[in-house]
Each structure stands twice: as C-alpha cells, then as structure tokens.
1. Which trypsin sites (Lys or Arg not before Pro) in segment 478-519 pass both tests, a DSSP loop state and at most 14 other beta-carbon atoms within 10 Å?
2. Give, in nm to one decimal, the length gained when the segment between ALA353 and ASP527 is fully stretched (0.36 nm per residue of separation minus the Cα-Cα distance).
3. Applying the Karplus parametrisation 6.51 cos²θ - 1.76 cosθ + 1.60 with θ = phi - 60° to the phi angles of segment 431-446, what ³J(HN,Hα) value in whole Hz is obtained for each residue in order, glycine and proline being reported as x?
4. Full-extension gain between ASP553 and ASP110, please, as 0.36 nm times their residue separation minus the C-alpha to C-alpha distance.
5. How large is ³J(HN,Hα) for each residue in segment 309-321, as worked out from phi by the Karplus curve 6.51 cos²θ - 1.76 cosθ + 1.60 (θ = phi - 60°), to whole Hz, x for Gly and Pro?
6. If R0 is 51 Å, what FRET efficiency do you get for ARG567 and ALA467 from their C-beta distance, rounded to 0.05?
7. So what is the 222 nm mean residue ellipticity for the chain from helices alone, if each DSSP H run of at least 4 adds -39500 (n - 2.57) and you divide by all residues, rounding to the nearest 500 deg cm²/dmol?
8. Please work out the FRET efficiency for the pair ASP156 and ARG48, using the Cβ-Cβ distance as r and a Förster radius of 51 Å; give the result to the nearest 0.05.
Amino acid sequence: MKHSIATVSLSGTLPEKLEAIAAAGFDGVEIFENDLLYFDGTPATVRRMCADLGLEIMLFQPFRDFEGGPRERLARNLDRAERKFDLMQELGTDRILVCSSVAQDTSQDDALIADDLRQLAERAARRDILVGYEALAWGRHVHSYRHAWRLVQQADHPNLGIILDSFHTLAIRDDLSLLSQIPGDKIVFVQLADAPLLNMDVMEWSRHFRSFPGQGDFELGAFLAPIIASGYRGPLSLEVFNDGFRAAPTRLTAIDGLRSLRYLEEVTARTLRAEGAGSVADSLFSPPPAADYQGVEFLEFAVDDDSGARLGKLLQQFGFSRAGQHKSKDVTLYQQGDINLILNAEPDSFAHAFYVSHGPSLCAAAFRTDDAQQALTRAKLYGCKPFESRVGPNERHIPAVRAPDGSLQYLVAANVDGDSIYQSDFDACDTATPGLGLTALDHFAIGLPAETMDNWILHFRAIFDFATEHEWTLPDPYGLMKSRVVRSANNSIRIPLNISENRNTAIARSVSTYKGSGLQHIAFASDDIFAAVVQARVGGVPLLDIPDNYYDDLLARFSLDDDFVARLRQHNVLYDRDAGGGEFLHVYSAPFDERFFFEIVQRLGSYDQYGAANAPVRLAAQAQRRNRQGG
Ligand SMILES: O=C(O)c1ccc(O)c(O)c1
Ligand SMILES: [Mg+2]
C-alpha cells in the first residue's frame, strides 16, 4: 500500500515537513490548507518541492461548511470550491476532502445535502477532481461515516466518494459493520489516527490528542480490515492533530509515522487472515512474526572504575556473586538465580560513550528469544538499524537494535548449543552463593522525557510485538507521574515506562540527572521476601523506610492479621492485593547515586501488577529521604 501523511501531523515549516516526510520514506502527503496559507511561496513551488522530493500530493484538505447551508449561500460556496480547485490544479492534486458542516444553520434535509454534494461533484468533474466527503464526529447534522455514505450514495456521482477517518469513527464507537459494504472504488481516501481513550469533548480530543496507530487505545485493525476487504487499495494516510507532535523533532516523528502505518498493516493483515481473508491480506506489510521472548537475559550498566566498584559492592550486598570477568574487556558479570547484571567500564566501547553522555546508567538490555535472527529481520523491516559491536576472538556476536534513547537492546538466542553466552566471553570468577535467594528479574522501569512516551510505546509494539497496559497516573509529592507498562506476550519481560510533566518530581529529576531517559529501578523476584530482607540488612543494604501511617492504613484497608502487618512494618515491606486475591509484597533500596534503586518483590497467587497503589508512598518516602539529606 502507498503511505501518506497530512502535513498537520508534524512540527516545522512546510519545507521542513516535506523534507522529513520524504526522508522517512512516505510516498505522498495531504497538504493541510493552513500549511499552504502560511508558506511564502506559490502552490506551484510546493508542487515542485514535492516532485523534487519524490512525493505525490495525494489530497488537499479541508474544505469546510459547504453542504446544506442557506440556499442564497450555495452559489458562493460553489464559487469558493472553484477557487480551491484552481489551487489544487496548481498543486497538481486531484483529491479534495470536504468535511461535514459544523455551521449552526446547516440543513437537516438529506435530499438537499445530497443535491449540494452532487452539484459540487459536477463542478469537480469538469476538472477531473474527486471530492471525498468526510463526517466529522462533531458535524452539525452529519457525524458518522454511515450517514456520510448514505448521502454519497444519494448524490450518486462518479466524482464523489467517501473519506474514512478512523478517529471520527472510533471516537464515537460507531458500528463498523457497514464499512465492508462500501465498495473500495467509492472510498476516495483513508485517514488513520489512534488516540488514548479519554472522556472529553470529541473535538478537543481530536484536535489535541490523536496519535499514530499503535500509540493509543483504538482498535485500528478492526477499522482497516473491512476497508481492505472491500477492495480499497489507495493510500493509507496519517492525520494526527497532537500538541506534542507539533513541537517534537520533525524527522523522528515522520519515521515513527511510517513505522506506525506498517504496524497497522501487520495488525490488519492478522485480523484479515483470522477471518479467512488471507489473500486480501497479501497487499499488506507482513514481516515475520515477533520472536517468542523468554525473559531478560541481562542488563548492562555503563560505569567508570569508581562507580563500577561501588555498584559492584552494592550488588554483592544484594547477594550477587561476581561470576565472571570478560576475557578481553573491562566488563564484569554479576549473577544470582536467573539474573545477570553486567558492569561495563571498557574505555573504548559503546558503554563508555554512553557513560560519558549519561553517567552511571543502563546502556543495554538483552532479551532472550527463541529466534534472534528472526527478531533482527523483523526489526530491520520496521526500519531499525542493527548495531554492530566490536567482537573479540572467539567471542559471540549478539545482534542488537537501538532503543529510542540510543541504548542497546540485544537479541539473545536462548542457549544455542547448550553453551551460555557467558561461557564463551567470560572467565569464571567466584562460585555462586545462594545470595538472598533472588530468583529472576521481575521488571525494570525506565524514566523518560515526557514527550518521548509515544515513541517508546510504538517501538515496543512494532519491533517486539509487546502488549501495553493502560496508563496509571500516580502522585509524586511534587507533581504527577504517568506510568505505562510494556510487556512480552508471556509476561516474561515487563518494562514500566514512566514520565512526568512537572519539574521537580522523581522522574523529572531523573531525566535531568541522566540527561535523557534512564533506569529507575530493577525489581528482583523472591520466593521469600522476609528472608531476603533480613539477609540484605545483614549485608548492609540501605532499605527505604516506610512511614508507620502506611501500616495503620493497611490494617484498615485489608483485613490482614495484626502479626502479618507487624512483620511488614518491621521490614518496611509494602503490600498490595488484587481483586482475585493475588498478593504483592515489595521493598525498595535507597538509590544508587540518586539515579536508580532496586526493589525486591514477591508475587503470591495470580497477582499481575506492580503495586501501583504503593508508588506514591515510595515516592514520598524517597523525597523525604532526599530532603533530610539536603539533596
Ligand atoms: O478538526 C478538524 O476540523 C478536521 C479537519 C479535517 C479532517 O480531516 C479532520 O479529521 C478533522
Ligand atoms: Mg480527517
């Protein structure tokens, strides 16, 4: 399918937008009228710019408040259309979007509206122009595609068709069943946008909160599948009104846009195949399916000698053994249970460059997968540039892609030939000890600059086919934090992504400390959290104190036995329970260099969350600790 994007979706001036759109690999654009109005060159210049960039102008939009007006205004409206047709011919485009009227005095007479549309189509026919009629969700009389389609049928003119916009249809939860009945050749254009589910005025929602497919909550596959099934093969075009996008780096947004359309094609193809319409799906982007992910193989920290020594000591206090020393690099492996943490202080390395920019930080995460090559192929098809690292003699090459912040995500084949990646690259050091009995890496959380959340969500959905959970908004003493979890299909990898738009919250401080996104915490799983905490204390791990008031409230909130709560209180263990009776126990360490901290968690029963209810308690406890220390 051809890919297009409306100029309104991007930041910058019209030439900047067009260059970014072309560089990202789109086939064409919708010229949004305002972008042309504000441009100090002629439509012919825009036409030439697009031609030079290899972009087709696929649509001109919008033409507003045309149909159903007072009769004395019809001639003027037709005249207004003729002027836009002139402009379109200068631009070299043959499609115009007419959106349903929002004027107070719009007629409710469908026959009259259909007649207006027919007259417009007749004028368009003289110029070989196609008119597409789009129902705005807040149109005065016409606000659903079903109504727009009835009117298009009634007008019955070859130069008139319908424009389908996923936002207007999905925002009003319209019945999708009629989509498959609109013949493909009567669909003039298809506009695509996702959005988070919000309870607000639909026009405000549309004009400020749209996002790219895969970034929001809409089921866009269910919208697009019947359109493809009915034979539409025209362009798929993004039309995203979003305050953040208007300010974001233009080229990055455009690259994400194309990736989102590919992702939507994949999702749609899957929907069609599931419905037995496989042959139709062949026109859609279908990369190899995401590999099966089987957990976090390792996390790698960029450190220098000093921070590496201090972090290594803290890990040992947490019961990790210094399990390996890299054969050719200043890289140390710490292990406990199924958890592998790598400290990289190699001077001439990716990690070092990362360290120089961000200080002690997480520079790579490795995901264990059944098929690393397939995972890499998929990532490349989604526009990821694979990262090639320096590999010493006899060391294993591990494919990697870059996360949105430039850190690495390694794709590690689960134990090929029975040999672990560590055996080939590391000399064994200390023998493993039982440690604190930490068994696995439960999750790791990253703090992000607020405006990059959509970018990360799409990355995980498209490249890894991870699921996303709904967003939590949680109070920090100095503002709000928003958290969204991405996770692999089988939950073996879980990554909460946290943002904050306020200046002094923990996340905002983190973004400022790291100069960008960075690790918030790593949660280790334990089968006996109390035993782990007792031993951690003995080892000298500084744990975060939780206020007494919290435990008094626990007694009131859950019917827990007094002894159990006394035990939680004694060990500063937080508690949560879900509707199904699953329980979650967790403790936090003090932060390492005011950057990241560790969490020990124990899941009981079917508990599947992250103790979000306790996050505000933790954030307040951390802020109090910092204030006491004058941080
Ligand atoms: O918000 C609007 O007015 C508007 C204009 C044109 C469109 O295609 C659209 O979906 C919305
Ligand atoms: Mg639209």
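Please treat every number below as a calculation from the coordinates, not as lab data. The model shown is predicted, which means the values in this text are computed figures rather than measured ones. FYI the Cβ positions are ideal-geometry reconstructions off the backbone, even for glycines, and counts take in every protein chain you see.
1. When the trypsin sites (Lys or Arg not before Pro) of segment 478-519 are filtered for loop state and at most 14 Cβ neighbours within 10 Å, ARG503, LYS515 remain.
2. 58.9 nm
3. Those phi angles translate into 6, 5, 10, x, x, 9, x, 6, 9, 7, 8, 6, 6, 9, 10, 10 Hz.
4. Stretched out fully, the ASP553 to ASP110 stretch lengthens by 153.4 nm.
5. Rounded to whole hertz, the list is 5, 5, 5, x, 5, 4, 5, 5, 4, 7, x, 7, 9.
6. Step by step, r from the Cβ atoms, then E = 0.90.
7. -11000 deg cm²/dmol
8. Efficiency at R0 = 51 Å is approximately 0.85.
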